[in-house]
Structure formats: C-alpha cells, structure tokens
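Derivation of every value follows stated rules applied to the coordinates shown; laboratory data play no part. If you're wondering where the values come from, they're calculated on a predicted model, not measured in any experiment. Note that we place each Cβ from the backbone using ideal geometry, even for glycine, and neighbour counts take in every protein chain shown.
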Amino acid sequence: MKTLAGRAILGTFFHAPTLDRLDILPDALIEVAADGTIAAVTRSDDPDHADRVAALGTAVVQLPAGSYGIPGFVDCHVHAPQYPQLGQALDVPLEVWLGKYTFPLEARYADLEFAQTRYAALIDDLLAIGTTTALYFGTVHLEATKLLADLCLDKGQRALVGKVVMDDPDSCPDDYRDADATSGVSETRALIEHVRSHPGNAAGRVLPVITPRFIPSCTDAALTALGELADETGAHVQTHCSESDWAHAHVLARYGHTDAEALDRFGLLTRRTMLAHANFLTDDDRTRVVRRGAAVAHCALSNVYFANSVFPLRAALSRHMHVGLGTDISGGPSASMFEACRATVQSSRLLEDGVDPALPAAQRGRPDSRVDLVTAFHVATAGGGTALDLPIGRFEPGCHFDAVAIDTTARDGGIRLFGDEPLNGVFEKLIYGATRANVSHVWVAGEDRRPT
Ligand code: GUN
Ligand code: FE
C-alpha cells in the first residue's frame with residue numbers, strides 16, 4: 001500500500017489507551033501528517049466526518065472489508081541474537097541455559113556475516129507479525145550491534161538497541177565477554193554515538209540503550225560507570241531484574257539487598273529503564289520502581305520456562321507501575337506479540353486460581369490476579385509506549401502512526417468470522433486467532449514496512 005504520510009485512512013480500528021477499556025473506532029478517519037504522526041482522528045459519529053472524508057478526496061485510503069486496524073505491537077524485551085534458537089533449548093534452568101546454549105550462540109555474532117543473515121531474518125519476521133517497535137538486546141560485540149541498529153533503520157522498524165555489557169570474568173566465559181569494564185562502557189558510548197549521529201536516523205526512529213546484561217554478569221565498576229553514562233546521556237537502560245529464584249538470590253547474596261535496590265544505587269533505575277521479568281520484586285522494590293518511573297517488561301511465556309513463578313501483573317498495574325509486554329526471544333518460544341497477549345491472560349488466570357489441585361480452592365491461588373484480553377492488549381501497545389516514554393501504541397493526535405491491518409478473510413489465517421460477531425467479539429478473535437497470514441499491512445510512521 002502507498003505511504004500514508006500526508007494521507008488518511010478510513011476503517012475500523014481498535015486501541016486501548018487505558019488499561020481497562022477497549023476503544024472501538026468504527027469507520028473512523030485517521031489523518032497522518034507528512035512526518036508519520038497522527039494529525040487527527042475523526043469518529044464516524046462526528047458531525048465533520050463526511051465533510052472531512054469528502055475534502056480529502058483521493059488522499060483517503062480505505063481498509064478493505066474484513067480488515068481491521070490495531071496499533072503496532074511494542075515488544076519490550078527481545079534478545080536479537082537468540083533468534084536462531086527460538087523454539088529449542090528450553091530444557092534446563094536459566095543459569096544452565098545461559099552457559100550451555102545461549103552464550104555459545106551469542107559468541108557467534110563476532111562474525112558479521114552470521115549476524116547479518118540472522119538479524120535481517122529476525123527484523124523481517126517481527127515486522128511481518130506486527131511488531132512495529134522492539135527493544136533489543138544485542139551481543140557484547142559493538143560492530144554486530146551497530147549492524148543490528150543499521151538493519152532496523154534500513155527495514156523501517158522502530159527500535160531501541162543495546163550492546164550487552166558483561167565483563168565479570170568470574171561469571172562470563174573467556175570467549176564471550178567484555179575485555180574489562182572500561183571497554184564495555186566505552187563501546188556502549190560508541191554505540192550511543194553511532195545511533196544518534198547516523199545519517200539515516202534524523203527522525204530518531206532507532207534509539208541506543210545502555211544494556212548491562214544483569215547484575216550477575218557485571219562488575220561493580222561496569223555498573224557504576226554505566227549508571228553515570230545513563231545520567232550523562234539520558235539514554236534508555238535495559239537489564240534483567242529478579243527474574244528467577246537463582247537470579248534473585250544471587251544479587252541478595254552479593255549485596256545483601258535486592259536487584260532493584262542495587263540497580264537504583266548504581267543509577268540504573270531511571271524513567272527510561274526497562275527491567276525484564278522482575279518477578280521477585282519485593283513490596284519496597286515495587287515502591288522504588290514506581291517512584292523512579294521505571295518499567296517492567298512482562299514476559300509471560302518465557303516466565304513459564306525460566307522464572308519459577310508468574311509475574312503479578314494485576315498488582316503491578318494497580319500500583320501504577322509502567323509495564324510493557326515482551327516475548328523475550330528466545331527465553332519464550334514464540335516471536336509473536338499476539339501470543340504474548342494470550343500467555344499474559346492465561347498465566348494471570350493460573351496465578352489467580354493456583355495450580356495444585358491437591359489444595360482447597362481458597363488456598364490454591366492469589367485472588368484478584370487475573371487480567372483480561374483488553375488489559376493484555378493495552379500493555380502490549382499503549383502500555384509499552386508509556387514504559388518506553390515514546391508516543392506510540394495509541395490512535396491519538398501526536399502519536400506516530402505505527403499500526404497493523406489484520407485481514408480476517410485471509411484463507412490461511414487463524415480467524416473465522418461469521419458476520420454476526422459484535423465488534424468487541426471481533427477484537428477478541430483478532431487477538432486470539434491472528435497468525436502471520438492475517439497481518440496484511442504494518443505501518444511504521446505511516447510507511448508500510450511489511451516485508452514482501
Ligand atoms: N538473564 C541474563 N541473560 C538472560 C537471557 O538472555 N535471557 C533471560 N531470559 N534471562 C537472562
Ligand atoms: Fe531476557
């Protein structure tokens with residue numbers, strides 16, 4: 001489809017600007033400015049609607065019958081180099097998995113030809129399934145991570161990209177770590193400069209991220225200097241926090257206080273920080289994270305394999321914590337944010353009901369823990385935008401027109417409509433049923449970036 005920048009699109013859209021309400025926009029007109037941001041949203045019951053459509057004339061593009069628009073997904077936690085092992089190697093706990101499978105795979109990105117093919121396939125596949133923004137961990141390699149950022153620019157995905165820092169020789173393999181804290185930090189600075197000064201990035205569609213892998217793989221010297229760099233540059237920060245029993249206990253044993261507190265003392269808990277998982281946050285941690293305006297990337301599917309628990313999403317949201325959803329490729333075996341929404345709903349119900357049938361119902365679970373599909377969808381779109389401090393995930397003036405068209409008539413897709421579904425039922429079928437075959441258009445800043 002031709003660019004929407006400077007044009008308008010007419011169709012039925014769904015978005016969830018707040019966590020408890022699906023806003024349905026039947027036959028709405030969304031006008032897109034030349035810079036790809038939304039200039040105006042006119043609902044069909046607005047008295048101006050017909051006049052505006054008429055005035056725009058041939059500049060109006062119409063969604064075909066049976067197609068619906070939603071905001072593009074914001075995947076808040078992706079390990080780009082782990083894409084080749086998506087859907088395999090899920091048989092051991094985190095601390096074994098890292099050394100046995102993951103570090104050896106990530107080490108291969110020293111080879112830029114290897115990196116090129118894997119990263120290109122990942123970005124294409126994520127765009128094709130509707131992920132318009134991704135927050136990426138790269139590897140320790142500066143050059144491969146620059147390449148990842150360059151490929152996101154070439155392919156038009158909105159992205160935040162970090163060079164992983166892991167410098168502790170006691171916990172990281174000799175063939176896969178930073179030479180020392182100083183080089184890990186100076187290469188992070190070099191990545192920030194590369195991304196910010198890239199000639200193809202005038203609009204800032206790709207952003208750099210300070211990325212200590214997690215406390216267990218970093219020295220205090222690296223963590224201190226990265227905190228200073230975050231303060232100096234205002235760049236985003238991402239890391240793993242209190243993910244599993246092992247990871248949580250490791251930090252407690254090292255410092256005598258929690259992961260979140262330690263990150264805060266290093267200056268790594270900012271308004272632009274994304275904490276992956278954060279399952280074992282204490283009450284004090286939650287207060288601290290909310291006070292700093294930092295966010296959690298909730299990775300429901302990955303948590304089944306590695307986190308030994310379900311993240312209490314409902315409790316976090318009711319404390320006004322910023323939360324986005326993540327696939328955690330390849331900790332979770334699916335690259336699809338539709339799947340992330342499904343897993344979020346399902347795991348929250350397991351948390352609420354509990355899982356051990358030998359226990360009486362009243363003792364089995366944690367009351368008031370379930371979230372519904374609208375809340376999961378909100379967190380996967382608008383919530384991720386807020387968490388990243390970016391104007392995305394909503395159909396509102398001033399937001400980027402990052403959106404996905406879902407064709408419910410796609411023969412090979414997973415959605416069957418019979419014509420008598422109410423629109424909120426259509427929405428549920430979209431999120432529960434959509435496969436890649438249903439994703440017909442993927443706009444980032446008004447440009448259709450779906451790989452062909
Ligand atoms: N903790 C440290 N590194 C990783 C990783 O690559 N994946 C997950 N899920 N947890 C981590
Ligand atoms: Fe992760």
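Summary of values
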item: Complete set of residues in region 205-252 that are of a type in the set (Val, Ile, Thr) and either within 14 Å of ligand 2 (Cβ to nearest atom) or not in a loop (DSSP other than H, G, I, E, B) (or both); result: VAL206, VAL209, ILE210, THR211, ILE215, THR224, THR233, VAL237, THR239, VAL251
item: Output for region 101-142, where each listed residue is in a helix (DSSP H, G or I) and either within 16 Å of ligand 2 (Cβ to nearest atom) or hydroxyl-bearing (Ser, Thr, Tyr) (or both); result: TYR101, THR102, PHE103, LEU105, GLU106, TYR109, THR117, TYR119, LEU122, LEU126
item: Options ARG319, ARG286; residue that is within 22 Å of VAL74 (Cα to Cα) and among the charged types (D, E, K, R); result: ARG319
item: Tally of residues being touching a strand residue (DSSP E or B) at 6+ places or on another chain (Cβ under 9 Å) and more than 15 Å from ligand 2 (Cβ to nearest atom) across region 281-322; result: 12
item: Residue that is surrounded by the most Cβ atoms within 10 Å (Cβ to Cβ), among those in region 112-159 that are among the charged types (D, E, K, R) and touching a residue at least 60 places away in the same chain (Cβ under 8 Å); result: ARG158
item: In region 59-85, residue nearest to ligand 1 (Cβ to nearest atom) [restricted to those that are in a loop (DSSP other than H, G, I, E, B) and buried (at least 19 other Cβ atoms within 10 Å of the Cβ)]; result: GLY72
item: Per-region count, region 329-368, residues among the aliphatic types (A, V, I, L, M) and either touching a residue at least 40 places away in the same chain (Cβ under 8 Å) or surrounded by 23 or more Cβ atoms within 10 Å (Cβ to Cβ) (or both); result: 7
item: Residue match in region 299-320 (condition: free of Cβ contacts under 8 Å to residues at least 24 places away in the same chain and either within 15 Å of ligand 1 (Cβ to nearest atom) or part of a helix (DSSP H, G or I) (or both)); result: yes
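For (1) of a type outside the set (D, E, K, R); (2) surrounded by fewer than 21 Cβ atoms within 10 Å (Cβ to Cβ); (3) more than 24 Å from the chain's Cα centre (by Cα), each residue gets a yes or a no:
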| position | (1), (2), (3) |
| --- | --- |
| VAL185 | yes, no, yes |
| PRO199 | yes, yes, yes |
| ARG213 | no, no, no |
| ALA222 | yes, no, yes |
| HIS236 | yes, no, no |
| ALA249 | yes, yes, yes |
